[in-house]
Amino acid sequence: MLVIAFDADDTLWVNEPYFRESEETFAALFEDYLPMHQTQQELFKTEMDNLALYGYGVKGFMLSMIETAIRITGGNLSAEGTDRILEIGKELLERPIEILPHVETVLEALSTKYRLVVATKGDLLDQERKLKKSGLAKYFHHIEIMSDKKPEDYQKLIRHLDIAPEQFFMIGNSLKSDILPVLELGGHGVHIPFHTTWAHEMVSHPVEHVNFREIEQLDEVLSFL
C-alpha cells in the first residue's frame, strides 16, 4: 500500500507569511540603526549561521532575532528591546491555525485508501501544538517531526514505515526539503507551490524526474491518487 506523506507548514496550513510579518515588525524596531531590508538580511544571515545549533522553528528564530539585535546595536540592546523581541516570538507561537484550501477534503478522501503521514520539520512542541489546534491529526497514521529533511532523514522514516521508497509519496510546498530528497531515494514527489517561500528553501533549477509532479491546488491529487 502507498503511504502519502504531507508537509505541514504552508502545505496543510499557513506559516511563512506569519514569519515574514514578524521579520518586518522586528526590523522596524531598529530603523535608527539600519534600513529595514538590511536588518532583515542580517537576521537571515544569523538564522543560517545558527541552523546547525537551533534547528528550525520559532524558538531558534527568537534567539536569532536577539543575536542580530545585539550585533546591529553594537551591544546596546536594551532590556525593553529584548522584551519586545520575545513578545514577537510569543505572538508568532500563538497565531491561529489557518487551514489551506481543500486540505480537509483531500485528507478525508485519501485516508480511506492510504496510510497518511505528516512529515514536517521544526520545533517539536510548536508543530505538535499546530497539529492539535488544526483538528487534522485524526486523518494521520503517523506523525514525524524531523530535525531536518535530508535523504537520510526520509530513509529513516521509510524504514520505520516498513515500505519501499517507491511506495512513498511526499506532498509539499518546498522543492528543496519536500521533493528533491524523496526523489533521490526513488520515492514520488508532488510539489504544490505556496505564494511565500523562505529564501533558504528556494531552488533555482527546474526539476525533471519521472516521479515528479507539480500541481496548482491540493485537490488535484485526487485525480491521480
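Quick test of your reading of the structure: VAL118 fulfils all but one of (1) over 15 Å from the mean Cα position of the chain (by Cα); (2) modelled with pLDDT of 95 or more; (3) surrounded by 13 or more Cβ atoms within 10 Å (Cβ to Cβ). Name the failing condition by number.
Evaluating VAL118 over (1) over 15 Å from the mean Cα position of the chain (by Cα); (2) modelled with pLDDT of 95 or more; (3) surrounded by 13 or more Cβ atoms within 10 Å (Cβ to Cβ) leaves (1) as the failure.
Checking THR39 against (1) assigned to a loop (DSSP other than H, G, I, E, B); (2) surrounded by 16 or more Cβ atoms within 10 Å (Cβ to Cβ); (3) more than 21 Å from the chain's Cα centre (by Cα), which test does it fail?
Unmet condition: (1).
Among the residues in the stretch 27-35, are any in contact (Cβ under 8 Å) with a residue 24 or more places away in the chain, in a helix (DSSP H, G or I) and outside the structural domain of SER147 (by TED's automatic domain parsing)?
If we filter the stretch 27-35 for residues that are in contact (Cβ under 8 Å) with a residue 24 or more places away in the chain, which is where we start, we get 29-30, 33-34.
With in a helix (DSSP H, G or I) added as a condition, the list becomes none.
No.
Out of everything in the stretch 177-216 that is buried (at least 16 other Cβ atoms within 10 Å of the Cβ), out of contact with any Asp or Glu (no Cβ under 7 Å at 6 or more places or on another chain) and among the charged types (D, E, K, R), what residue ends up being modelled with the highest pLDDT?
Residue satisfying both the conditions and the ranking: ARG213.
Does the stretch 11-22 contain any residue that is in a helix (DSSP H, G or I), out of contact with any Phe, Trp or Tyr (no Cβ under 6 Å at 6 or more places or on another chain) and over 30 Å from VAL182 (Cα atoms)?
Checked the stretch 11-22: at least one residue is in a helix (DSSP H, G or I), out of contact with any Phe, Trp or Tyr (no Cβ under 6 Å at 6 or more places or on another chain) and over 30 Å from VAL182 (Cα atoms).
Just to be sure, is PHE44 at pLDDT 95 or above and either of a type outside the set (Lys, Arg) or not in a strand (DSSP E or B) (or both)?
no
Suppose we keep only residues that are among the aromatic types (Phe, Trp, Tyr) and assigned to a helix (DSSP H, G or I) within the stretch 47-61. Which one would you say is surrounded by the most Cβ atoms within 10 Å (Cβ to Cβ)?
PHE61
Restricting attention to helices (runs of 4 or more DSSP H) lying wholly within the stretch 62-166, give those where 2 or more residues are farther than 26 Å from GLN40 by Cα and touching a Leu at 6+ places or on another chain (Cβ under 7 Å).
Once the helices (runs of 4 or more DSSP H) in the stretch 62-166 are filtered for at least 2 residues that are farther than 26 Å from GLN40 by Cα and touching a Leu at 6+ places or on another chain (Cβ under 7 Å), what remains is 103-110, 151-161.
Looking at this structure, is LEU125 touching a helix residue (DSSP H, G or I) at 6+ places or on another chain (Cβ under 9 Å), under 20 Å from ASP10 (Cα atoms) and in contact (Cβ under 8 Å) with a residue 12 or more places away in the chain?
Numbers: touching a helix residue (DSSP H, G or I) at 6+ places or on another chain (Cβ under 9 Å): yes; under 20 Å from ASP10 (Cα atoms): yes; in contact (Cβ under 8 Å) with a residue 12 or more places away in the chain: no.
Taking the combined requirement at face value, the residue does not satisfy it.
Between a residue in the stretch 148-164 that is closer than 20 Å to GLY57 by Cα and any residue that is at pLDDT 95 or above and β-branched (Val, Ile, Thr), which pairs come within a Cβ distance under 6 Å, given they are 6 or more apart or on different chains?
TYR154/VAL182
Which residue out of VAL3, VAL14 is closer than 21 Å to PHE194 by Cβ, in contact (Cβ under 8 Å) with a residue 12 or more places away in the chain and of a type in the set (A, V, I, L, M)?
VAL14
The values are calculated or read from the model by the stated rules, or taken from the named source; none is laboratory data. These numbers come from a predicted model, not from an experiment. Glycine gets a Cβ as well: all are built from the backbone with ideal geometry, and neighbour counts include every protein chain shown.
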